[in-house]
Amino acid sequence: MILIPVVNTARITTTNPDGVVNEDIYSAVNLADSGLARTVFDLAIKGLKKLDLEGKLANANVVTIADYSQSSKKKRLYVIDLKDRKLLFNTYVAHGRNTGDEYARSFSNEEGSLKSSLGFYVTEKPIIGSHTGFALLINGVEKGFNDHAVKRAIIIHAADYATENFIKKHGRLGRSMGCPALPPDLNKPIIEKIKGGTCLFIYNPDNKYICSSALLN
């Protein structure tokens, strides 16, 4: 296994020829400077470790966090290389139309809700959508929270409304049909990096989710 559970959920343990080395990834990558709270990172790592132990991840070295506790005007998507301790991408990500305006406040697992779904996902393969172009399938693995993602056609895709120019014109990002939509110039590079069995964590301090998630409790 690439990741081995340790007491501090913010520390990733990796093995190398010189033995076992513990690294505080959060501090090493300076994630606080990019706006990601340690508590959110810790939750992401906790869920990632459980998914890895269950054999659901093909690549546990990369984690993607969409922090929907932040304003949509913030660069609230983080793609982190845990092995090399690097922040690979930090950019905008849109939430669902009925989830909120500037802030994400309401979530759903139901088809037709036009809302974002919280929790952990495992990335699958890229596709070419008829309306979205190059996109990434994501499989929600938390029953009751995001396990209808495939049926709802929730994917990662590019959107012109997920850009800084849109924020300048409208005071916030635009909103999707429930998908985590990305800036067009970064959509393909991000998808190519996270495709094929990595962990995606969509976060909000929603009490129902935090208290009920099997991966966090």
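The values are calculated or read from the model by the stated rules, or taken from the named source; none is laboratory data. Just so it is clear, the model here is predicted, and its values are computed rather than measured. Positions of Cβ are backbone-derived with ideal geometry, glycine not excepted, and every protein chain shown enters the neighbour counts.
Things to note:
- Leu77 satisfies every condition listed in (1) touching a helix residue (DSSP H, G or I) at 6+ places or on another chain (Cβ under 7 Å); (2) on the phi < 0 side of the Ramachandran plot except (1).
- Qualifying residue in the range 141-152 (condition: over 21 Å from Leu48 (Cα atoms), among the small types (Gly, Ala, Ser) and in contact with a strand residue (DSSP E or B) (Cβ under 9 Å, 6 or more places away or on another chain)): no
- Close pairs from the range 181-200: first closer than 15 Å to Asn61 by Cβ, partner aromatic (Phe, Trp, Tyr) and crowded, with 21+ Cβ neighbours inside 10 Å, Cβ under 6 Å, at least 6 apart: Leu200/Tyr121
- Failed condition for Leu136, given (1) modelled with pLDDT under 95; (2) buried (at least 19 other Cβ atoms within 10 Å of the Cβ): (1)
- Scope the range 32-50; condition in contact with a Leu (Cβ under 7 Å, 6 or more places away or on another chain) and either surrounded by fewer than 21 Cβ atoms within 10 Å (Cβ to Cβ) or within 26 Å of Arg175 (Cα to Cα) (or both); matching residues: Ser34, Phe41, Leu43, Lys46, Lys50
- Residue within the range 158-179 that is of a type in the set (Ser, Thr, Tyr), assigned to a strand (DSSP E or B), surrounded by fewer than 22 Cβ atoms within 10 Å (Cβ to Cβ) and at pLDDT 95 or above present: no
- Only a single criterion out of (1) more than 20 Å from Ala153 (Cβ to Cβ); (2) in a loop (DSSP other than H, G, I, E, B); (3) basic (Lys, Arg) is not satisfied by Lys115, namely (1).
- Flag for Asn146 being assigned to a strand (DSSP E or B), polar (S, T, N, Q) and either modelled with pLDDT of 95 or more or buried (at least 17 other Cβ atoms within 10 Å of the Cβ) (or both): no
- Some residue of the range 105-116 being touching a strand residue (DSSP E or B) at 6+ places or on another chain (Cβ under 9 Å), over 23 Å from Ala214 (Cβ atoms) and hydrophobic (A, V, I, L, M, F, W, C): yes
- Tally, over the range 56-83, of residues that are closer than 15 Å to Glu142 by Cα and surrounded by fewer than 21 Cβ atoms within 10 Å (Cβ to Cβ): 1
- Cross-chain or 6+ apart pairs with Cβ under 7 Å, the range 109-129 first and in contact (Cβ under 8 Å) with a residue 60 or more places away in the chain and among the aliphatic types (A, V, I, L, M), then surrounded by fewer than 24 Cβ atoms within 10 Å (Cβ to Cβ) and in a strand (DSSP E or B): Val122/Asn139
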